[in-house]
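One structure below.
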Amino acid sequence: MNMDMQLSVFVKEMRREYSLTQEDLAAKAGVGLRFVRDLEQGKQTLRMDKINQVLALFGREVGAVVKG
């Protein structure tokens, strides 16, 4: 993943690459449709555990990163 790519853009691009609708993604990740929509629209306040449920489908996760 391009480090400058926003999370919302990454999720939307991966969803499309896997030919999933927002509804499909929500069901497969075990989150609500509204959450997927908020995530793809770049909402600033989302639960990290739910974000990771979505990202796990694409072999990714978010977390603390040590700055060097």
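The values are calculated or read from the model by the stated rules, or taken from the named source; none is laboratory data. Given the structure is predicted, the values throughout are model-derived calculations rather than measurements. Quick reminder, even Gly has a Cβ in these numbers, built from the backbone with ideal geometry, and neighbours come from all protein chains shown. The accessibility values were calculated without ligands, DNA or RNA, using every heavy atom of the protein model including side chains. Shrake-Rupley method; radii C 1.70, N 1.55, O 1.52, S 1.80 Å.
I'd like the residue in the range 36-52 that is under 9 Å from the mean Cα position of the chain (by Cα) and within 15 Å of Phe10 (Cβ to Cβ) and, out of all such residues, is most open to solvent (accessible area, probe 1.4 Å).
Restricting to residues being under 9 Å from the mean Cα position of the chain (by Cα) and within 15 Å of Phe10 (Cβ to Cβ), the top hit is Asn52.
Quick one: which helices (runs of 4 or more DSSP H) sit completely within the range 11-68 and have at least 3 residues that are small (Gly, Ala, Ser)?
Result: 22-29.
Find the residue count for the range 20-35, including only residues that are without any contact (Cβ under 8 Å) to a residue 24 or more places away in the chain and either open to solvent by 100 Å² or more (accessible area, probe 1.4 Å) or under 15 Å from Gln6 (Cα atoms) (or both).
Result for the range 20-35: 1.
Cβ-Cβ distance below 9 Å, separation of 6 or more or different chains: which pairs start in the range 48-59 with a residue that is over 20 Å from Ser19 (Cα atoms) and end on one that is in a helix (DSSP H, G or I) and open to solvent by 20 Å² or more (accessible area, probe 1.4 Å)?
Lys50/Phe35
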